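Have a look at the structure below, then the notes.
All of the numbers you see were taken from the coordinates with simple rules; none came from a lab. Note that the structure is a prediction, hence the values are computed from the model and not measured. Every residue, glycine among them, receives a Cβ derived from its backbone with ideal geometry; neighbour counts consider all protein chains shown.
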2 protein chains.
Amino acid sequence: MNNFDIEDFTPYLLNRAAEQASLRFQAQYRDTYGMLRTEWRVLFHLGRFGEMTARSICDRAGTHKTKVSRAVAALERKRFLKRIPDDQDKRCETLQLTRAGKTTFYKLLAEAQRHDAALLASYSQDERALLRRFLLRVAEISRA
Amino acid sequence: MNNFDIEDFTPYLLNRAAEQASLRFQAQYRDTYGMLRTEWRVLFHLGRFGEMTARSICDRAGTHKTKVSRAVAALERKRFLKRIPDDQDKRCETLQLTRAGKTTFYKLLAEAQRHDAALLASYSQDERALLRRFLLRVAEISRA
DNA sequence: GAATATTGGTTGCTTTTGTAACTATCAAGC
DNA sequence: GCTTGATAGTTACAAAAGCAACCAATATTC
């Protein structure tokens with residue numbers, strides 16, 4: 001028997017931290033817009049990177065295509081995005097935020113920044129950089 | 001428009017990191033024992049802290065009681081734990097790992113340590129301490 | 001250029017989670 | 001000691017996620 005504790009198990013800590021951090025922000029998109037997490041992510045991607053295809057969102061966000069598909073459908077019902085058919089490749093459709101979608105995106109973006117700032121408030125620039133590098137690496141968001 | 005990117009949003013990074021970190025370890029308990037994450041957590045708590053009540057696991061693990069209830073039922077079916085009725089308070093039952101439960105716990109514990117070591121391999125003691133403090137704090141596992 | 005494989009995306013079904021209501025027991029107030 | 005309120009735990013139902021099969025369009029291969 002050694003003294004390895006559940007709180008020494010990084011995946012456990014990551015899970016609990018992720019849960020808490022998301023939970024608190026969730027109220028922003030859920031209570032006001034009835035949005036699910038994947039919907040918020042899709043909205044963010046479209047708001048941040050402009051129009052793109054569902055496939056690209058899957059790749060960028062590391063999300064399964066069924067989740068994205070349903071999120072897109074939900075956002076469409078909410079009139080937050082519209083689908084533009086692609087003449088070159090009729091399988092694809094380019095997704096584009098509507099005015100309402102953009103408005104919502106900007107509002108949530110501001111909240112997100114506030115939330116993020118609060119989470120990192122007590123850490124120095126160096127520490128933040130370390131945390132970010134660690135999370136990116138574990139998440140295998142290589143970007144390098 | 002500012003340059004706040006999705007990868008600057010800590011809850012997002014936390015989620016993806018947590019997903020990846022858990023995913024890779026999941027094979028250990030899922031493929032071999034058909035266990036779910038909550039089952040593994042309950043097993044860990046009982047293995048680490050000895051017999052305890054479902055309620056205590058809920059508190060310690062920050063898990064909802066229905067999830068724990070189902071995990072306990074599943075572990076019982078697998079003959080990894082047994083329930084000891086409490087004579088003082090007939091509502092409670094003390095949960096206790098069986099021999100098979102303990103064996104499995106020790107095997108998974110070793111895997112968990114290996115997995116954790118791999119995750120943190122390239123970080124110094126100071127860096128690890130920072131990461132841990134950060135995650136504990138965000139997860140609101142105060143312990144202080 | 002017909003047959004096959006691949007890709008973008010959706011749908012249906014199953015498993016898992018979340019929520020609320022419920023049972024049974026215990027504790028407090030009166 | 002009876003009513004009211006809390007507490008441990010389960011169960012039933014609804015929401016969400018995961019997985020596999022599917023459709024339609026495009027690439028590839030021969």
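Considering each residue of segment A:30-41, count those that are outside any loop (DSSP other than H, G, I, E, B) and more than 21 Å from A:Glu51 (Cβ to Cβ), and give that number.
To start, the set of residues in segment A:30-41 that are outside any loop (DSSP other than H, G, I, E, B) comprises A:30-33, A:37-41.
Subset that is more than 21 Å from A:Glu51 (Cβ to Cβ): A:30-32, A:37.
The number of residues fulfilling the criteria is 4.
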Exercise for the section: Kindly indicate whether B:Pro11 is within 13 Å of DNA strand C (Cβ to nearest atom) and either free of Cβ contacts under 8 Å to residues at least 24 places away in the same chain or away from every other protein chain (no Cβ under 12 Å) (or both). Expected result: no
Completion exercise
Checked pairs for segment B:71-91, first farther than 13 Å from B:Leu43 by Cα and in contact (Cβ under 8 Å) with a residue 60 or more places away in the chain, second more than 11 Å from DNA strand C (Cβ to nearest atom) and assigned to a strand (DSSP E or B), C-beta under 9 Å and 6 or more apart or across chains, list as none
Handout entry: Enumeration of residues in segment A:1-21 that are in contact with an Asp or Glu (Cβ under 9 Å, 6 or more places away or on another chain), surrounded by fewer than 20 Cβ atoms within 10 Å (Cβ to Cβ) and in a loop (DSSP other than H, G, I, E, B)
Key = A:Phe4
Completion exercise
Filtering segment B:94-117 down to residues that are surrounded by 14 or more Cβ atoms within 10 Å (Cβ to Cβ), free of Cβ contacts under 8 Å to residues at least 24 places away in the same chain and not hydroxyl-bearing (Ser, Thr, Tyr) yields B:Lys107, B:Gln113, B:Asp116
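Select, from A:Thr103, A:Thr66, the only residue that is away from every other protein chain (no Cβ under 14 Å) and of a type in the set (Ser, Thr, Tyr). It would help to see each step written out before you state the result.
Details: A:Thr103 fails: away from every other protein chain (no Cβ under 14 Å).
Testing whether each residue is away from every other protein chain (no Cβ under 14 Å) and of a type in the set (Ser, Thr, Tyr) leaves just A:Thr66.
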Handout entry: Residue count for segment A:42-66, restricted to those that are closer than 20 Å to B:Asp8 by Cβ and either more than 10 Å from DNA strand D (Cβ to nearest atom) or aromatic (Phe, Trp, Tyr) (or both)
Key = 16
Practice task
From (1) away from DNA strand C (no atom under 14 Å from the Cβ); (2) crowded, with 19+ Cβ neighbours inside 10 Å, pick out the condition that doesn't hold for B:Arg60.
Solution key: (2)
Fill in the blank from the handout: For segment B:22-36 the number of residues that are surrounded by 18 or more Cβ atoms within 10 Å (Cβ to Cβ) and more than 7 Å from chain A (Cβ to nearest Cβ) is 3
Problem - Some residue of segment A:106-114 being of a type in the set (S, T, N, Q), over 15 Å from the mean Cα position of the chain (by Cα) and either more than 30 Å from B:Ala118 (Cβ to Cβ) or away from DNA strand D (no atom under 16 Å from the Cβ) (or both) - result: no
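Please pick out the residue among A:Glu39, A:Glu19 that is in contact with a Phe, Trp or Tyr (Cβ under 8 Å, 6 or more places away or on another chain), more than 7 Å from every other protein chain (Cβ to nearest Cβ) and among the charged types (D, E, K, R). Talk me through it step by step, then tell me what you get.
Numbers: A:Glu19 fails: in contact with a Phe, Trp or Tyr (Cβ under 8 Å, 6 or more places away or on another chain).
Within the list A:Glu39, A:Glu19, the selection yields A:Glu39.
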